[in-house]
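J.: For reference, the structure I am asking about is given below.
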Amino acid sequence: MTAQAIRIKLTSRSRELQLLITACLLLAAGLATLVLGSGGLVRWLDLAIVGAFAGLFLLLSVALAVRGWGEDQMLLPLAALLSGIGLVMTRRLEPDLIARYGAVYTGVALK
């Protein structure tokens with residue numbers, strides 16, 4: 001597959017990428033709100049969660065575009081948004097629980 005064909009496939013899924021970026025920004029904003037509410041102490045784990053979350057979902061979107069699967073461009077961003085809300089709620093209720101199970105559940109959901 002040529003670079004031109006890959007570029008065409010990726011640009012045809014621009015709406016999905018925009019919505020995924022929005023879902024990742026909402027996760028970052030939710031975690032930032034929790035950090036500010038708890039005294040402003042930023043944990044490296046919160047930054048790692050946002051980075052891994054964004055990386056996994058954006059990588060999955062690119063893989064789907066290259067393979068030509070998943071023509072519905074709303075389902076993956078919706079799953080990302082719901083997973084992000086779940087991670088923020090888990091972090092709010094039990095901050096240490098997200099380190100143990102939050103990333104695992106998100107990874108299983110991606111599969």
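The values are calculated or read from the model by the stated rules, or taken from the named source; none is laboratory data. Not measured: the values here are computed from a predicted model. All Cβ positions, glycine included, derive from the backbone under ideal geometry; neighbour counts span all protein chains shown. Surface accessibility is based on the protein's heavy atoms, side chains included, excluding ligands, DNA and RNA. Shrake-Rupley method; radii C 1.70, N 1.55, O 1.52, S 1.80 Å.
J.: Ordering TRP44, TRP69 by how much accessible area each has at a 1.4 Å probe, largest first, what is the list?
T.: On the way: TRP44 190, TRP69 140 Å².
Order by accessible area, largest first: TRP44, TRP69.
J.: Sticking with this structure for a sec: Sticking with the crude label model, points 7 Å out along Cα→Cβ, report the distance from SER14 to VAL42 in nm, one decimal please.
T.: Distance between the two pseudo-spin positions: 3.2 nm.
J.: About the Cα centre of the chain, how large is the charge dipole given +1 on each Lys and Arg Cβ and -1 on each Asp and Glu Cβ? Please answer in debye to the nearest 20.
T.: Here the size comes out at about 220 debye.
J.: Connecting C-alpha atoms closer than 10 Å in a GNM of the chain, tell me which of SER14, SER83, SER61 has the biggest fluctuation.
T.: SER14
J.: Given only helices, namely DSSP H runs of n ≥ 4 each adding -39500 (n - 2.57), what is the per-residue ellipticity at 222 nm of the chain, to the nearest 500 deg cm²/dmol? Provide the component values of the computation, followed by the final result.
T.: Numbers: 5 runs with 84 residues, N = 111.
Helix contribution divided over all residues of the chain: -25500 deg cm²/dmol.
J.: Another question about this same structure. Compute, for ILE49, the solvent-accessible surface of its heavy atoms (probe 1.4 Å) with the complete set of protein chains present, and express it in square angstrom to the nearest 10.
T.: Around 20 Å² of this residue is reachable by solvent.
J.: Separation between the ARG7 and TRP69 pseudo-spin-labels, each 7 Å from Cα along Cα→Cβ, expressed in nm?
T.: Using points 7 Å along Cα→Cβ, the separation is 2.7 nm.
J.: Just check region 55-102 against the gyration tensor rule for me: Cα atoms, a ≥ b ≥ c as the square roots of the eigenvalues, rounded for a/c under 1.5, and otherwise prolate or oblate depending on whether a/b exceeds b/c. All intermediate terms of the calculation are to be shown ahead of the outcome.
T.: Numbers: a/c = 4.88, a/b = 2.43, b/c = 2.01.
Prolate shape, in that a/c is at least 1.5 and a/b is the bigger ratio.
J.: Relative contact order of the chain: what whole-number percent is it, with Cα pairs under 8 angstrom and at least 6 residues apart?
T.: Relative contact order here is 39 percent.
J.: Which helices of the chain meet both criteria: a Cα extent of 15 Å or more along the helical axis and a mean Kyte-Doolittle score no lower than -1.0, with helices taken as whole DSSP H segments? Kindly include the intermediate steps, with their values, before the conclusion.
T.: On the way: long enough: 14-37 (34 Å, 1.59); 44-67 (34 Å, 1.99); 75-93 (27 Å, 1.47).
Helices meeting the criterion: 14-37, 44-67, 75-93.
J.: Tell me which label goes with the value of Cα Rg over 2.2 N^0.38 Å computed from the coordinates here: (i) 1.05; (ii) 1.16; (iii) 1.39.
T.: Of the labelled values, this structure produces (ii).
J.: Might you tell me the accessible area per residue for region 1-97, computed with a 1.4 Å probe and given in Å²?
T.: 62 Å²
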